[in-house]
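To keep things clear, I will list the structure first and then write my remarks on it.
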Amino acid sequence: MTFDEILARVRELLEREGRVAYRILKRRFELSEEDVEDLRADLIDAKRLAVDEEGKVLVWMGEEEKGKTGKWAKGEPEIVKPQPLSAERRQLTVLFCDLVGSTALSAQLDPEDLREVVRQYQQTCAEVIQRHDGYIAQYLGDGLLVYFGYPTAHEDDARRAVRTGLEIIEAIRGQVTGDGLQEERRLQVRIGIHTGLVVIGDMGGSGRTEQLALGETPNIAARIQGLADPNTVIISTATQRLIEGSFESQPFGSHAVKGIETPIAVYHVQSERQSSRQLEGKTTLTPLVGREQEVGLLLDRWEQAKEGRGQVVLLSGEPGIGKSRLAYTLREQVTAEGSLLYEARCSPYHQHSALYPLIEVMQRTLLFTRQDTDDEKVEKLDRTLALYNMQDSLPLFTALLSLPTPATSSPLTLTPQKQKERTLQALLQAMMAQAERQATVSVWEDLHWADPSSLEFLSLLIEQLPTTKLLLVLTFRPEFTPLWKPRSHISQLVLNRLGKKQVEAMIEQAATGNTLSAEVIEQIRLRTDGVPLFVEELTKTVLESVESIASVESLRHLPIPATLQEALLARLDRLSTARQIAQLGATLGREFSYELLRAVTPTSETDLQSALAKLVEAEILYQRGVGEQARYFFKHALIQDTAYQSLLK
């Protein structure tokens, strides 16, 4: 990537996120100190689009701030800009981490040594937290209060928090205090995690303020932490619902905690699931509704692949539309036949990790376990390569999997570029050989998060696919543009929203035998806009709240399901300054006119039009008409609800 490309990516990231730490930029884009200085010179000094904050953070100012040294400096009237909200309501996942036995530790160590131990412990935790975009709200002595979902929400904040907790324990495990190696001097932590509603904003006075979340959520996280055994992660039921299927966890009982009237049920998280299947571990799956044609197309392409006419299906659609559910249905058919299935999942955490999805597939296929030594893993790899007469490629695969090359194999003496080319060819050879032995389905999910090397591999594979017994299914969101030109063996399948009758049928299926009135069903249909995930989750929320729903009117004020809040809020947070216009529009209704919005917006017409254009481009709003006659509609009622409910009362 050239420096100009990096500069453009950084500017885009900064505009979207608002503020980014320099250390995050260094890690994400592999920047040197000189590169960072060049970025600062361009964004701060030359273009004046950002400012520096204490030498640690780059803060986006935008084009309007640039004007302060231009036309505003010349005495032209200053246009009032909407100010950032002093506080807002949002769903947060809060992690509370505490060092075990710190009082005893302070009695054993000299204060200077104790300071160094705590400093290293905090630094270790901070590095893990920053990897997953957590926000350290406070250092409380030897405790840490961490938010996931602020200042920018992600669609998997609860999973990020739990993954962070497990990684902190792994990173802390083995650290010792002072110069002692005794078992009793090994550091241990307790971690509690809870998800819930908070109001977050500036707190403090006398010139010293902090961004703090208020409400019972942080308190519950702290209380749960006190229930944990050393080096364990304990989570609430609310968080457990959001991580279902992604982690192995066990009930840890119901406990009375100080300040909470009813006992709290908690879970002990043991490990992250190794499976890449998004729906793996779900207790129940709502039967597939309204996708008969799509399933038929997939099965038809599978039949062609089994005949030796390899096929590619590009499966696209917005989040929650059912891409993974459709892939799961194909998986059930393929495994029932006894055919071979490979599933790869691209990850937002590994967009810059070359060939990450393939590495994950290989580790599962080779049956690697945590207990395996490196030598045992190499032996498994060697046996598998022998099946394809590919033993000469062993050094390439050991390098790919970060394993030692056996002494019996020749070490690699290739340039990095040549090694990459040879590795891609070896991976391609192995997959083609497998498809030659047995008809195979390869499903790649979330291609919008794929790293460049994985996309390069897929391009090579697609070129050679037509004469193989391989069906390749690639799923992605609309923002991803496929790299491959139309070919006779490539089919494009776009999933659209469900129709009225299909939504009603899905509500009936999701209700699992419970009877809902026609009025309630209609309200669910109107609020979910035909998105299967929205339908399923809102129906579940209605059933859980059935005793409190006395009328259709009360259903209109039902909280947004916690399982959807992360994803919906993440879409709004990515809008940067346009988010405030979305919030203002949400107060006007599902539909509003440009004329009315302009009349109540305290910003310039140019900025308003720019913000509206961003909202339309992001498919938050639909536009009908142009200019002052334009009308705008929220694409989803739940997006409008999310924007509205994030405002203070």
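Couple of notes before you dig in:
- Subtracting the Cα-Cα distance of ALA171 and ARG27 from 0.36 nm times their residue separation leaves 50.0 nm of extension gain.
- Spin-label proximity, VAL494 to the stretch 609-639 - amide N less than 19 Å from point 7 Å beyond Cα toward beta carbon: 616-624, 635-636
- The mean sequence separation of alpha-carbon pairs under 8 Å and at least six residues apart, normalised by the residue count of the stretch 482-604, gives a relative contact order of 18 percent.
- The share of C-alpha pairs in the stretch 505-649 whose separation exceeds 20 Å stands at 50 percent.
- Gyration tensor verdict on the stretch 460-510 (Cα atoms; rounded if a/c is under 1.5, prolate if a/b is larger than b/c, oblate otherwise): prolate
- The slack between ALA354 and GLU421, meaning 0.36 nm per residue of separation minus the straight C-alpha distance, is 22.9 nm.
- The slack between ARG273 and GLN438, meaning 0.36 nm per residue of separation minus the straight C-alpha distance, is 56.6 nm.
- When all alpha carbon pairs of the chain are counted in 20 Å bins from zero, the resulting P(r) reads 15, 47, 34, 4 %.
- Model label sites at SER604 and LEU526, defined 7 Å from Cα along the beta-carbon direction, differ in position by 4.0 nm.
- Relative contact order [Cα under 8 Å, 6+ residues apart], the chain, whole percent: 13 percent
- Distance between modelled label sites at THR237 and ARG208, nm, 7 Å Cα→Cβ extension: 4.0 nm
- Centre-to-centre separation between the Cα atoms of the stretch 363-389 and those of the stretch 466-523: 37 Å.
- Nearest-0.05 FRET efficiency for GLU591 and ALA518, computed from C-beta distance (R0 25 Å): 0.55
- R0 of 45 Å, Cβ-Cβ distance GLU307-ALA386: FRET efficiency to nearest 0.05: 0.95
- When peptides 500-509, 399-408, 291-300 are ranked by their average number of other Cβ atoms within 10 Å per residue, the highest-first order is 500-509, 291-300, 399-408.
- At an R0 of 41 angstrom, the distance between the Cβ atoms of SER402 and VAL51 translates into a FRET efficiency of 0.55.
- Across LYS485/LYS614; LYS323/LYS614; LYS377/LYS469; LYS323/LYS500, pairs whose alpha-carbon gap is larger than 24 Å: LYS485/LYS614; LYS323/LYS614; LYS377/LYS469
- Label-to-label distance for VAL616 and ARG9 is 3.1 nm, based on points extended 7 Å past Cα in the beta-carbon direction.
Values in this text are rule-based calculations from the coordinates and carry no lab data. Remember, predicted model here, so these are calculated numbers, not experimental data. Every residue, glycine as well, gets a Cβ built from its backbone with ideal geometry; the counts of neighbours run over all protein chains shown.
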